[in-house]
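Below: one structure, written as structure tokens.
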Amino acid sequence: MRKDRIWPQLCRFLTSGGTLANLTALLSARKAITQADIWNKGTVNQLGIMVSEEAHYCVDRAARIMGMGEQGIVKIPVTDDFAMNTDVLLAKYEEAKTKGIEIFAIVGSAPSTATGIFDDLSKIAAFAQKMNIWFHVDGAHGGAGIFSEKYRHTLKGIEHADSVVIDGHKMMMMPALTTALLFKDEVNAKATFSQKADYLLSDSEHEDWYNSGKCTFECTKNMMAIYWFALLKFYGEEVFDAYVTQLYDMGKLFADLIEDEPNFEVAITPMSNIVCFRYCSPSLTLERENALNAKIRQSLLEDGEFYIVQTKLRQKFYMRITVMNPFTNIDHFKNLIQKIKRFVL
Ligand SMILES: Cc1ncc(COP(=O)(O)O)c(C=O)c1O
């Protein structure tokens, strides 16, 4: 990966999955931002992070593993279009402070898993800078959009992040499991699991770039760098642009087809290849509509041609697709819609 894609200088290593990478980034954030040497001495202080209520559950889990408890996960509500509501950040921060919670990081979703909607990373970055807290971007799904000329704008502001996670096994065509964890500042990346105080880190430790065991959670690992190397060597970066762009385009196309249908609706115009949609009918109550959509999804799963997952947004049950195969075409989408109509009849 070219170094200047996100930052001119960066430190990066690979971990086994986005879940572990998010935890590692938050550990680095805690080390860098809090005054105390928590890694060595522990803490009785109530620490906290800020994150959208639509973020992937692994961020919540990471915070709990780090001992912050539920009270340390300051959930930020979303706007009507499911992005983190950045207007309430200051109020939420002050509220947490009043309760004695020391916020040290804010996490932006790029995008959130359920809806595929990107948080406004520029606004989050500005807030993080103002409050002097760590800015982490969970780009497990959409971080690869940085390669897409057409969709790079979804990540505007990512260049201000202190750390970024990108899954190779999601939008970069690699076999599971390989995740890039990128740090703006090498010192923070290397200090995370260090038993030594920061001021004792020697130059040689900084230069010890090949020893990833020192800065990742895992000890033994697969040689996952081979996936990245092989794809870059054979196809070059262009393949990531082509892949992401094609799949995001297909997400938009599917949403357009759904919107042309009188008895279907999308939850939100997609920003990526994730689309939430549902069958709806004015003659049905919300409860019955939800039950019908759940039944449609179950029928589709049993039929076996399409794999559809589910999500609930503002009390409404949605079917959710993620277009992952670049050979998916409009006929597949039309077939899916026809199939759903047949199930309803
Ligand atoms: C936004 C986001 N973050 C983190 C994860 C977890 O990544 P992994 O499954 O690689 O642990 C996912 C997985 O779907 C995700 O969509």
Options 50, 68; residue that is outside any helix (DSSP H, G or I), touching a Phe, Trp or Tyr at 6+ places or on another chain (Cβ under 9 Å) and either away from the ligand (no atom under 12 Å from the Cβ) or at pLDDT 95 or above (or both) = 50
Return a yes/no flag: does the stretch 250-264 have any residue that is surrounded by fewer than 20 Cβ atoms within 10 Å (Cβ to Cβ), of a type in the set (Lys, Arg) and more than 14 Å from residue 116 (Cβ to Cβ).
-> no
Could you please find all residues in the stretch 138-176 being surrounded by fewer than 19 Cβ atoms within 10 Å (Cβ to Cβ) and near the ligand (Cβ under 10 Å from one of its atoms)?
-> 169, 176
So which residues in the stretch 90-123 are within 19 Å of the chain's Cα centre (by Cα), assigned to a helix (DSSP H, G or I) and away from the ligand (no atom under 15 Å from the Cβ)?
-> 122, 123
Select from the stretch 191-210 the residues that are in a loop (DSSP other than H, G, I, E, B) and modelled with pLDDT of 75 or more and list them in ascending order.
-> 192, 193, 194
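Among the residues of the stretch 288-326, how many are β-branched (Val, Ile, Thr) and in contact with a Cys (Cβ under 7 Å, 6 or more places away or on another chain)?
Within the stretch 288-326, residues that are β-branched (Val, Ile, Thr) and in contact with a Cys (Cβ under 7 Å, 6 or more places away or on another chain) number 1.
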Conditions (1) in contact with an Asp or Glu (Cβ under 8 Å, 6 or more places away or on another chain); (2) at pLDDT below 95: number failed by residue 83 | (2)
State all residues of the stretch 275-297 that are assigned to a helix (DSSP H, G or I) and loosely packed, with under 11 Cβ neighbours inside 10 Å; if no residue qualifies, say none.
-> 287
Using the structure shown, decide if residue 7 is modelled with pLDDT under 85 and either crowded, with 21+ Cβ neighbours inside 10 Å or out of contact with any Phe, Trp or Tyr (no Cβ under 7 Å at 6 or more places or on another chain) (or both).
-> yes
Determine which member of the set 169, 141, 136 is modelled with pLDDT of 95 or more, closer than 19 Å to residue 23 by Cα and part of a helix (DSSP H, G or I).
-> 169
With the condition kept exactly as written, say whether any residue in the stretch 19-31 is part of a loop (DSSP other than H, G, I, E, B) and either within 12 Å of the ligand (Cβ to nearest atom) or modelled with pLDDT under 95 (or both).
-> no
For residue 312, work out the one condition from (1) in contact (Cβ under 8 Å) with a residue 60 or more places away in the chain; (2) within 21 Å of the chain's Cα centre (by Cα) it doesn't fulfil.
-> (1)
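The values are calculated or read from the model by the stated rules, or taken from the named source; none is laboratory data. None of the values given here were measured: they were computed from a predicted structure. We place every Cβ from the backbone using ideal geometry, glycine too, and count neighbours over all the protein chains shown.
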